[in-house]
Amino acid sequence: MAQARTDIGPPLYKEMLPPIIKENYGKWQYHEIVKPGVLVHVSETGAKLYTVRAGSPRLISIYFIREICDLADKYCDGYLRFTSRHNVEFLLSDGSKVDALIAELTEKGVPVGGTGNSITNIVHTQGWVHCHTPATDASGIVKSVMDELFEYFTTMKLPAKLRISLACCLNMCGAVHCSDIAILGIHRTVPKIDHDTLHKVCEIPTLTASCPTAAIRPNPKLKSVEIKAERCMYCGNCYTMCPSVHIIDAKNDAVSIWVGGKISNSRIGPRFSRLAIPFLPNNPPRWPEVVNAVKHIVEVYAANAQPGERMAEWIERISWEKFFEVTGLQFTDKHIDDFTLAQTTFRSTTQFKW
Amino acid sequence: MTETKKTPLLDELEKGPWPSFVKEIKKAAAHNISSQDLLGQLELSYEDKKAHWKHGGLVGVMGYGGGVIGRYSDVPEQFPNIEMFHTIRLNQPSGWYYNTKALRQVCDVWEKYGSGLTNLHGATGDMVLLGTKTEYIQTIFDEVSNFEEHPMDLGGSGSNLRTPSCCAGPARCEFAMIDTLDLCHDLTNEFQDYLHRPMWPYKSKIKISGCPNDCVASIARSDISIQGTWRDDIKINQEAVREYVAGGFDINGMVISKCPTKCIAWDGNELTIDNANCTRCMHCINKMTKALRPGDDRGATILIGGKAPILQGAMMGWVIVPFMKLESGSGYEELKEFLEKVWEWWDENGKTRERLGELILRLGMRNFLRAIELEPIPQMVMAPRANPFFFWWPEETVQD
Ligand code: HEM
Ligand code: HEM
Ligand code: SF4
Ligand code: SF4
Ligand code: SF4
Ligand code: SF4
């Protein structure tokens, strides 16, 4: 057996760069989008680097990886990269090979796109495939939404970029809270406690301290805890701290939709997404209600925003009250914040629209 | 061998034009019985509308405190081959650039000892290998860490530094104002001990973007967000601007009217920028890549406190250092000293599972700034406080 080595650090990125990048590192002058899914970066030296961007399901097998490696060997001298949104990028120094690569990808069912004013791949988390706290699945919803919005991946016909993200619970691995549209799995009921096992597997002080709303207090008689139902907002943090507290509730767990967030500083700065739809049912395998809601918001945005306007800019221009009007989404008490700093979202001016 | 189960619900997700993760699981399942059982258990989740994984479980490799996440099925009698199905996180190369040899050798190891399923990549940045048994973990690590070329190390998990990650950077982006790849690699190596041996109140994340477009979303998903920026004037190639306009580009609609500070003007012949009022939002540069470039006095803005909603609600990073020079090859000493000071204060004062941003809110920004020896400046706030409940230091009043 091989000898253990530790703390060797990450592989050296320099060994992963194609010669054209090594030669033009830091010298790129500008880039253009040749067509959907294809970028060209032009260097001060005149060199041109082509990137072909392709979607992936993120959960991929080694057989898929070997297939894209074969393509990278054939077209890119063995170099490729991944994006923070789970796309695969093929890096070509020879622009004449771009179309042949796209043809092979298309034949394998790997779509090319995700550049410019498109919907690129959906950042998402593990869901039922591999996590213990999800309120919903991740990969299945993402697949269903992307099937429906496919044309927006392969074209660039939206007013601006549109970023969709999904997290299957409030832990938000992958932090989806600053997206044009965010899909978020939510629990809606107070956790149930297994009093018989709790004292054996959990530390009670740590557990009571874990609750953001101080809903949990010790129950010394049972050597356990109890939850004040009216304080609990179902975050699931107690479950994370203690396996004897059960938050998953198949009858009530659901999906919520958030809109108008962004990350970049371009024009208006970064901002959180805001609640648009507090409840949509968990309906596997294809979550039609979620797919329809996302598609509807995309289409209303596409029809109403001005060129160059991100979702957040469009909503800021027309106002939230008009957003609910033009989308036809119902405004409910769930849309009015009642957590920390809620008051910063209440309106303190007589300026509003009807 | 477990009998192959029918999966009518999952089969629905093989339809449609977007690449199917179910097809991927099936490809792996053709060679691997644990992936077969994963498919079966996932079908059960689709029936029951809930996950079938147990809570937690500690597993790891010798000498490390993190990098492997234990995972056990809660229905092992039905799916014995995924009774254990642990995740291994491998530290990715900066910017997720790979050559095929590096990827193929990971595939080979994962074919021997794992499910054959991966995430490229996990949201933190690591290569995520999904599903192996406890008995193989050490072997997998020994093999990947002994690759003759491109040896691999574990990524972070637990209460420690999480694997730093960065954007495409100067390797492929003309906007990069710092060498994100070099910085990410350097910091990961420098702070390996914090990465591999959990010792802190909770997790701490570093993400690095080369410009304010923030392609790795550092502001929203890292405690320490480093974003390249510049201090001097935007460089204008007037000839190229005129070419854009001559080519039909709507300069007024797409650029002039969209500048957030209204500091850019076009008189039909010359583009002028009132740089003192530019907030470096990147919009005009993004839109006219051939004509406009950031200035030459480059460095980074450092923002602190970003995190997901658990516990105190979602936060985005706050500006703490508006500008720091970060030249590649410099050793980044100023940044490293700064990070050590920040972590030391957090480590000393933080409660278990309290993120840096939450601690700053609990103890007050003034205490944090004093601890890390930074002067308060207006760039740190959107606006000064509006409430009159504020503290004085003892030395600022007359003590009897
Ligand atoms: C209501 C809460 C939230 C919603 C609805 C939400 C939604 C989203 C969405 C839609 C995106 C995609 C952004 C884009 O690429 O333009 C996103 C990205 C991200 N979010 Fe959040 N998010 C929330 C809270 C958070 C929190 C609290 C954090 C973290 C600390 C966070 C971290 C991130 C990160 C790191 C990304 C970048 C993902 C990537 O592009 O690779 N989010 N979020
Ligand atoms: C109570 C708090 C949390 C717990 C118990 C928790 C637990 C976990 C677990 C178990 C995983 C592994 C999932 C898997 O691969 O099977 C995970 C992944 C991850 N977590 Fe968390 N997490 C917490 C909070 C957060 C927060 C606040 C963030 C971000 C700001 C975050 C970011 C991530 C990311 C990026 C991943 C990788 C997800 C992926 O592979 O796509 N987590 N977390
Ligand atoms: S978001 Fe929640 S359910 Fe989804 S992978 Fe992260 S911790 Fe698990
Ligand atoms: S789910 Fe969250 S709010 Fe409810 S008791 Fe648990 S920790 Fe507290
Ligand atoms: S963050 Fe800026 S420098 Fe980095 S890849 Fe994005 S646009 Fe380029
Ligand atoms: S970078 Fe932004 S603020 Fe500065 S001139 Fe350009 S558009 Fe205006």
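The values are calculated or read from the model by the stated rules, or taken from the named source; none is laboratory data. These figures come from a predicted structure and were not determined experimentally. Because the Cβ atoms are built from the backbone with ideal geometry, glycine has one as well, and the counts that use them run over all protein chains shown.
β-branched (Val, Ile, Thr) and either more than 26 Å from the chain's Cα centre (by Cα) or away from ligand 1 (no atom under 16 Å from the Cβ) (or both), is that true of B:ILE304?
no
Considering every residue within the range A:335-342, establish whether at least one is in contact (Cβ under 8 Å) with a residue 24 or more places away in the chain and farther than 27 Å from B:VAL216 by Cβ. Checking the range A:335-342: at least one residue is in contact (Cβ under 8 Å) with a residue 24 or more places away in the chain and farther than 27 Å from B:VAL216 by Cβ.
Residues that are surrounded by 14 or more Cβ atoms within 10 Å (Cβ to Cβ) and part of a helix (DSSP H, G or I) within the range B:231-261 comprise B:ALA240, B:VAL241, B:ARG242, B:GLU243, B:TYR244, B:VAL245, B:ILE251, B:MET254, B:ILE256, B:LYS258, listed in sequence order. Residue selection: A:VAL110 satisfies the criterion of being at the interface with chain B (Cβ under 9 Å from one of its Cβ atoms) and away from ligand 3 (no atom under 16 Å from the Cβ). Restricting to the range B:317-338, and then to whatever is buried (at least 21 other Cβ atoms within 10 Å of the Cβ) and farther than 19 Å from B:ARG280 by Cα, can you tell me which residue is farthest from the other protein chains (Cβ to nearest Cβ)? Out of the qualifying residues, it is B:LEU335.
Residues in the range A:73-82 that are within 7 Å of chain B (Cβ to nearest Cβ), of a type outside the set (Asp, Glu) and not in a strand (DSSP E or B): A:GLY78 alone.
Of the residues making up the range B:72-100, those that are in a loop (DSSP other than H, G, I, E, B) and either under 14 Å from B:TYR136 (Cα atoms) or in contact with a Pro (Cβ under 6 Å, 6 or more places away or on another chain) (or both) are B:GLU83, B:PHE85, B:ASN91, B:PRO93.
The set of residues in the range A:229-240 that are within 8 Å of ligand 4 (Cβ to nearest atom) and either modelled with pLDDT of 95 or more or not basic (Lys, Arg) (or both) comprises A:CYS232, A:MET233, A:TYR234, A:CYS235, A:GLY236, A:ASN237, A:CYS238, A:TYR239. Screening the range A:130-160 for residues that are among the β-branched types (Val, Ile, Thr) and at pLDDT 95 or above and picking the one that is surrounded by the fewest Cβ atoms within 10 Å (Cβ to Cβ) gives A:THR155. Restricting attention to the range A:63-110, the residues that are touching a helix residue (DSSP H, G or I) at 6+ places or on another chain (Cβ under 9 Å) and more than 16 Å from A:ILE33 (Cβ to Cβ) add up to 31. Here A:SER264 clears all of (1) small (Gly, Ala, Ser); (2) away from ligand 1 (no atom under 16 Å from the Cβ); (3) crowded, with 18+ Cβ neighbours inside 10 Å except the condition numbered (2). Criterion applied to A:PRO284, A:PRO288 was being under 30 Å from B:GLY16 (Cα atoms) and either surrounded by 15 or more Cβ atoms within 10 Å (Cβ to Cβ) or among the basic types (Lys, Arg) (or both), and the one residue passing it is A:PRO284.
On inspection, A:GLY140 does not qualify as among the small types (Gly, Ala, Ser), at the interface with chain B (Cβ under 9 Å from one of its Cβ atoms) and either within 16 Å of ligand 6 (Cβ to nearest atom) or part of a loop (DSSP other than H, G, I, E, B) (or both).
Yes or no, residue by residue, for (1) outside any loop (DSSP other than H, G, I, E, B); (2) at pLDDT 95 or above; (3) in the same structural domain as A:LYS143 (by TED's automatic domain parsing):
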| position | (1), (2), (3) |
| --- | --- |
| A:GLU23 | yes, yes, no |
| A:GLY26 | no, yes, no |
| A:VAL34 | yes, yes, no |
| A:ILE65 | yes, yes, no |
| A:LEU71 | yes, yes, no |
| A:ARG85 | no, no, no |
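Residues that are within 9 Å of chain B (Cβ to nearest Cβ) and within 16 Å of ligand 6 (Cβ to nearest atom) occur in the range A:269-278; there is at least one. Among all positions in the range B:93-101, there is no residue which is more than 7 Å from chain A (Cβ to nearest Cβ) and buried (at least 24 other Cβ atoms within 10 Å of the Cβ).
Collect the residues in the range B:305-314 that are buried (at least 23 other Cβ atoms within 10 Å of the Cβ) and either more than 25 Å from B:LEU369 (Cβ to Cβ) or more than 16 Å from ligand 3 (Cβ to nearest atom) (or both), keeping them in residue-number order.
B:GLY305, B:GLY306, listed by residue number.
Of the residues A:ALA250, A:ALA254, which single one is surrounded by fewer than 16 Cβ atoms within 10 Å (Cβ to Cβ), within 12 Å of chain B (Cβ to nearest Cβ) and small (Gly, Ala, Ser)? Testing whether each residue is surrounded by fewer than 16 Cβ atoms within 10 Å (Cβ to Cβ), within 12 Å of chain B (Cβ to nearest Cβ) and small (Gly, Ala, Ser) leaves just A:ALA250. Any residue that is within 16 Å of ligand 6 (Cβ to nearest atom), facing chain A (nearest Cβ under 9 Å), surrounded by 24 or more Cβ atoms within 10 Å (Cβ to Cβ) and touching a residue at least 12 places away in the same chain (Cβ under 8 Å) - is there at least one of those in the range B:183-198? Checking the range B:183-198: not a single residue is within 16 Å of ligand 6 (Cβ to nearest atom), facing chain A (nearest Cβ under 9 Å), surrounded by 24 or more Cβ atoms within 10 Å (Cβ to Cβ) and touching a residue at least 12 places away in the same chain (Cβ under 8 Å). Among the residues making up the range A:156-191, those that are closer than 19 Å to A:PRO57 by Cα, among the β-branched types (Val, Ile, Thr) and away from chain B (no Cβ under 11 Å) are A:ILE164, A:ILE181, A:ILE183. The set of residues in the range A:196-219 being outside any loop (DSSP other than H, G, I, E, B), more than 11 Å from chain B (Cβ to nearest Cβ) and surrounded by 15 or more Cβ atoms within 10 Å (Cβ to Cβ) consists of A:LEU198, A:ILE204, A:LEU207, A:THR208, A:ILE216, A:ASN219. Can you find a residue in the range B:227-247 that is of a type in the set (S, T, N, Q), in contact with a helix residue (DSSP H, G or I) (Cβ under 8 Å, 6 or more places away or on another chain) and in the same structural domain as B:GLN312 (by the TED database)? Within the range B:227-247, one or more residues are of a type in the set (S, T, N, Q), in contact with a helix residue (DSSP H, G or I) (Cβ under 8 Å, 6 or more places away or on another chain) and in the same structural domain as B:GLN312 (by the TED database). In the range A:146-164, the residues that are not assigned by TED's automatic domain parsing to the domain that holds A:LEU39 reach residues that are more than 16 Å from ligand 4 (Cβ to nearest atom) and acidic (Asp, Glu) with C-beta atoms within less than 6 angstrom, at least six apart or across chains, in these pairs: A:PRO159/A:GLU309; A:ALA160/A:GLU309; A:LEU162/A:ASP180; A:ARG163/A:ASP180. Residues of the range A:84-100 that are more than 14 Å from chain B (Cβ to nearest Cβ) and either surrounded by fewer than 19 Cβ atoms within 10 Å (Cβ to Cβ) or hydroxyl-bearing (Ser, Thr, Tyr) (or both): A:ASP94, A:GLY95, A:SER96, A:LYS97, A:ASP99, A:ALA100.
When the range B:26-66 is filtered for residues that are facing chain A (nearest Cβ under 7 Å) and outside any loop (DSSP other than H, G, I, E, B), the ones remaining, listed by number, are B:LYS27, B:ALA28, B:LEU42, B:SER45, B:TYR46, B:ASP48, B:TRP53. Residue pairs whose Cβ atoms lie under 7 Å apart, sitting 6 or more positions apart in sequence or on different chains, and linking a residue in the range A:224-240 that is closer than 20 Å to A:ASN171 by Cα to a partner that is assigned to a loop (DSSP other than H, G, I, E, B) and within 16 Å of ligand 6 (Cβ to nearest atom), do not occur here.
Here the helices (runs of 4 or more DSSP H) wholly within the range B:120-201 that include at least 2 residues being under 20 Å from the mean Cα position of the chain (by Cα) are B:180-190, B:192-196.
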